[in-house]
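Okay, so here's the structure we're looking at.
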Amino acid sequence: MNPDHYIKRDVHFPLYDINLLNADDEALQTIADETAAGHDLNEMKRVKEYFTKLGRNPTDVEFQALGQAWSEHSCYKTSKPILKNTIFNIDAPQNILVIKEDAGVLEFDDEHAYVVALESHNHPSAIEPYGGAATGIGGILRDVVWMGAQPVALVDPLFFGSLDYPMDEVPKGVKHPTYLLSGVVDGIRDYGNRVGIPTVAGQVTFHNSYIGNCLVNVGCIGIVEKKHIIRSRVSGPGDVFIYAGGRTGRDGIHGVTFASADLHEESDTESRGAVQLGDPITKEPLIHACLEAVEKGLVSGMKDFGGGGLSSVVGEMALHGGCGCEIELDRVPTKEEGVAPWEIWISESQERMMLAVRPENVEKVLRLFADWDVEAVPIGRSVVGKNITITYCNTKVLELDLEFYTGGPEYDRPYEFAPRDVQERMPEEPADYNEMLLKLLCEENIACKGWVVHQYDHEVRGKTVIKPLQAKLGLEGHGDAAVIKPVENSWKGLAISCDINPRYTLLDPYHGSMCAIDENCRNLVAVGGRPHSFADCLNFGNPENPETLGDFVESTRGLGDVARFLSVPFSSGNVSFYNETLNGPIPPTPTILGIGLVEDIRKCVTSDMKVEDEAVYLVGQTFEEMGGSIYYEIAGGCSGDAPMVDLDNLKNSIEGMLDLIDKELVSAVHDPSEGGLGVALAEMALAGDLGADVDLSALGKMRSDIKLFSESQTRWIVEVRSGKEGTFERVLNSYGLSFLRLGTTGGKNLIIRDGKKELVNLPLKRMREVWEGTLHEKMG
């Protein structure tokens, strides 16, 4: 490092002035690179201009603080202008606080609200999968707790390269998918199970575009009495800032700037210090203490230490309350001696919360946290004005205008959408449909995820009504959504689902993203949940690439168009850019968490076939839309036609299907997705240990393989209660919905015909062997 750029202060602790005032453009860029603060040259010039007007150089604390606050991960400087025009501002009567905090708050009933958050922990998990995933869970729990809510469920959408990826082809500095999957699942399991919150939903997707940059998205749902909802702001001048929880160390330094840059082959060694260290044993009493303080009315505001640590939380709380603040940084508890002020200020050490408390309540809060054996220390106060001042051992180390500090730049970057050039190729029809269906059932994305799910405690707290792997007792099935009962003395519930198919978005980000909303709606409706809100985690490559940003624009446009048409709001979300390696970007991956409101959990439906000789129906239409299908991938086909969503049909179908379930006309419901009707029928049969005999000839003159494996949207397979077929059909007709009677349940084989041609005749035992065994075999 060039010593001319850094001027040591004459104090007994490490403190430097950064010599920006005398720096030309080359020197500015050098300083940005050497300090790893994350500024580009234009931002460096803006920082220099600000301090030139003040007539002084910034301290290292000020310089690093601006780097964290202005990172893409923290201030959404590229995505914010786009999101305002696509998924923000969807009005709905259930909105209480949406897109205003790190978690969304929506009405559950007259007295309660539910809280939703969805985040990414991608880069840390690619470097250190156990710690990255564990601290992702820790962070998402805090996002819900600081709204005053009790966490009741966790979700984990995960994305990796193929488990069969040749070891000798893994790029330098990259970990194999089997290692990453094992470490990530271990981290989520150990943290979630130990803190006592059930992991009830998620997805595990495999695609080789995630080699080198896996995605670990985590979400949390909480419940709160409306009178106890807390905001992340001070109540006015004079609030005392109380630091509570774990101590501050050198772990997690530059976490947000690390997350705002591409991974490369040296990231494993250069950026390991940016990965935080989780401690679920500290987290559990911290949650209890925070919620008790809220319930007793002792807290004015609260916020967790997320990206940027102290450097983000204090200033944001003060400014959102219309105040400035003064902080004594040497009062912050540290893990070791000698931690420099700038390191304390930007560290992302875990298990920390900041409380804003009126002076008369400070002693009560400190005693409460002591009773829970959680460290809590007053470190500052809110003041009149819009400045933030920090001292360390009575030396001023930071003084900034809060609006400049927290505002950050906003970019109108150029973008363009590059249409995909796909050579259409229809494969030959399978000579053996039994063999093809078995191949699909053991494909990584379709095979049973029991190896993952069984490691999570999805029963803890006793609130889980419909569980993962829903099936007849002792068996495993493919459930569409989980259902929890968050409030005592009420039959209302929340349905929870996660979904995105990156094969669709690779072909067409707009329509592929619409499919993600469609599938979430299908999943929620399949258990009896009315789609009520969405949360998004938007995972994309480098936004400085116009084509990548074009994909982002198209994707968010698709999400917004469906959600706005349905009047279902996006409550909260996250943008994770720079998910790419030297091999290129990940597929556009807008992960969607869907929440459905269940009026009466006693009427919920599961996907397992239930009773012999009941009618099996298909609700919805099947089209020749094979682009992005698993079948085409296996059979060697190729198509650019990703499935399309008919918005009017989706809206009507939601109403019609919910009416059927409310009238208790159906025994089982399952939505076809990857693998189409063939896989969906197999999953229902396996879950119920009950076969079926169905005929696809009513689907028309399409080839049999298209009928069986098309992944057209807005469809459900329904087992109708005996004697209710006429009422079932009349209800669907009243909504103008298409449906076909396919056959009946029964036996121990799945039999699928197309007129006189028998396509599939497979014993359940054989299908179960390949479906349940694949992931266990690959993971050892």
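The values are calculated or read from the model by the stated rules, or taken from the named source; none is laboratory data. The shown structure was predicted, so the numbers you read here are calculated from the model rather than taken from an experiment. Every residue, glycine among them, receives a Cβ derived from its backbone with ideal geometry; neighbour counts consider all protein chains shown. Heads up: the accessible areas ignore ligands, DNA and RNA and are worked out on the full protein's heavy atoms, side chains in. Shrake-Rupley method; radii C 1.70, N 1.55, O 1.52, S 1.80 Å.
List the relative contact order of the range 65-188 as a percent without decimals, with contacts defined as Cα pairs under 8 Å and 6+ residues apart. Each step should come with its number before you reach the end.
Details: 113 pairs, mean separation 24.1, N = 124.
The normalised contact order for the range 65-188 reaches 19 percent.
Just subtract the alpha-carbon distance of E292 and T30 from 0.36 nm times their residue separation and send over the number in nm, one decimal.
89.5 nm
Counting pairs of alpha carbon atoms under 8 Å apart in space and at least six apart in sequence, what relative contact order in percent does the range 3-73 give?
About 33 percent, as a whole number.
Could you work out the pair-distance distribution P(r) of the chain from its alpha-carbon pairs, with 10 angstrom bin width and percents rounded to whole numbers?
3, 14, 24, 25, 17, 10, 5, 2, 0, 0
Starting from the Cα of K610, draw a straight line to each of the aspartates and glutamates and keep only those under 19 Å, dropping any in the same chain fewer than 8 residues away.
E476, D480, D662, E664, D671, E683, D689, D693, E719, E725
Considering the Cα positions of the range 399-463, please state its Rg to one decimal place and its Dmax as a whole number of Å.
For the range 399-463, the Cα radius of gyration and maximum Cα-Cα distance read 25.7, 74 Å.
In nm, what is the difference between 0.36 nm times the number of residues separating K765 and Q455 and their Cα-Cα distance?
109.2 nm
What number in nm² do you get for the range 3-73 if you take the convex hull of its Cα atoms and divide its surface by four? Write down the numbers at each step before the final one.
Numbers: hull surface 19.2 nm².
Mean projected area of the Cα convex hull: 4.8 nm².
Setting aside same-chain residues fewer than 8 positions from K172, which lysines have a Cα under 30 Å from its Cα?
K449, K778
Would you kindly derive the ³J(HN,Hα) couplings of the range 164-173 from the backbone phi angles with the Karplus curve 6.51 cos²θ - 1.76 cosθ + 1.60 (θ = phi - 60°), listing them in order in whole Hz, with x for Gly and Pro?
Whole-Hz 3J(HN,Hα) from phi for the range 164-173: 8, 4, x, 4, 6, 9, 5, x, 4, x.
Starting from the amide H of Y16, placed 1.01 Å from N in the peptide plane, find each other amide H under 5 Å away whose residue is 5 or more places distant or on another chain.
Under 5 Å from the amide H of Y16 lie the amide H atoms of R9, D60, V61, each far enough along the sequence or on another chain.
Putting +1 on Lys and Arg Cβ atoms and -1 on Asp and Glu Cβ atoms, find which of V453, Q423, V465 reaches farthest to the positive end of the dipole of the range 385-481.
Farthest along the dipole direction, towards plus: V465.
From the phi angles alone, apply the Karplus equation (6.51, -1.76, 1.60; θ = phi - 60°) to the range 201-218 and give each ³J(HN,Hα) in whole Hz, x where the residue is Gly or Pro.
7, x, 7, 10, 10, 10, 7, 5, 5, 8, 4, x, 8, 5, 10, 10, 9, 9
Can you list residues whose amide H is under 5 Å from H112's amide H, if they're 5+ apart or on another chain and H is modeled 1.01 Å from N?
When sequence neighbours closer than 5 places are left aside, the close amide H contacts are K226.
Once you sort the root eigenvalues of the Cα gyration tensor of the range 315-391 as a ≥ b ≥ c, which label holds: rounded (a/c under 1.5), prolate (a/b larger than b/c) or oblate (the other case)?
Oblate shape, in that a/c is at least 1.5 and b/c is the bigger or equal ratio.
Mind ranking F417, F160 by accessible surface for me, highest first, 1.4 Å probe? Walk me through the numbers on the way to the answer.
Numbers: F417 80, F160 0 Å².
Putting F417, F160 in descending order of accessible area: F417, F160.
What are the aspartates and glutamates whose alpha-carbon lies under 15 Å from the alpha-carbon of K396, with same-chain residues fewer than 8 places away excluded?
D10, D17, D60, E62, E326, E328, D330
Under a Cβ-Cβ cut-off of 10 Å, what is the net charge of the residues other than P588 that fall near it, where Lys and Arg count +1 and Asp and Glu count -1?
Values: positive: none; negative: D508, D551, E554.
Taking every other residue near P588 into account, the sum is -3.
If you roll a 1.4 Å probe over the range 366-457 with all protein chains in place, what percent of the accessible area is carbon or sulfur? Present the calculation step by step, with values, prior to reporting the outcome.
Values: 2240 of 4830 Å².
Ligands and nucleic acids excluded, carbon and sulfur reach 46 percent.
Take the Cβ-Cβ distance between K663 and F565 as r, set R0 to 35 Å, and report the resulting FRET efficiency rounded to the nearest 0.05.
Rounded to the nearest 0.05, the efficiency is 0.85.
5 Å is the cut-off here: which amide hydrogens, built 1.01 Å from N in the peptide plane, fall below it relative to R352, excluding neighbours closer than 5 in sequence?
The answer is G246, F305.
In percent, how large is the relative contact order of the chain, given Cα pairs closer than 8 Å and 6 or more residues apart?
The value is 14 percent.
Measuring from label point to label point, each 7 Å out along Cα→Cβ, what is the K335 to M167 span in nm?
3.2 nm
If I fit a long axis through the Cα atoms of helix 129-145 and take the longest principal axis of the Cα atoms of the chain, what angle between them do I get, 0 to 90°, rounded to 10?
Relative to the chain, helix 129-145 is tipped by roughly 80 degrees.
Take the Cβ-Cβ distance between N89 and K748 as r, set R0 to 45 Å, and report the resulting FRET efficiency rounded to the nearest 0.05.
Approximately 0.25, to the nearest 0.05.
With a cut-off of 16 Å, note down the residues of the range 326-346 whose backbone N falls inside the zone around a label point 7 Å from the Cα of K396 toward its beta carbon.
Output list for this probe position: 326-329.
Nearest 10 degrees is fine. How inclined is helix 676-688 to the longest principal axis of the chain, computing both from alpha carbons?
90 degrees
Can you compute 3J(HN,Hα) from phi for each residue in the range 386-396, using the Karplus curve 6.51 cos²θ - 1.76 cosθ + 1.60 with θ = phi - 60°, rounded to whole Hz and x for Gly and Pro?
With the stated coefficients, the range 386-396 comes to 10, 10, 10, 10, 10, 10, 9, 6, 6, 9, 6 Hz.
Which value in nm describes the separation of the simple spin-label points at A370 and N42, placed 7 Å from the Cα toward the beta carbon?
Reported label-point gap for A370 and N42 is 5.3 nm.
Can you figure out the FRET efficiency of T727 with I7, using R₀ = 60 Å and their beta-carbon distance, to the nearest 0.05?
With R0 = 60 Å, the Cβ-Cβ based efficiency is 0.15.
Can you give the angle from 0 to 90° between the axis of helix 310-320 and the longest principal axis of the chain, with both taken from C-alpha atoms, to the nearest 10?
90 degrees
With a cut-off of at most 16 other beta carbons within 10 Å, and DSSP calling the residue loop, which chymotrypsin sites (Phe, Trp or Tyr not before Pro) in the range 434-523 qualify? Please list them.
Those satisfying the criteria are W491.
Would you kindly state the longest site-free stretch of the chain, with sites defined as trypsin sites (Lys or Arg not before Pro) in a DSSP loop (not H, G, I, E, B) surrounded by at most 14 other Cβ atoms within 10 Å?
Of all site-free stretches, the longest is 421-662.
Hey, can you rank 674-687, 632-645 by average C-beta count inside 10 Å, highest first?
Working: 674-687: 25.4, 632-645: 18.5.
Ranked by mean Cβ neighbours within 10 Å, highest first: 674-687, 632-645.
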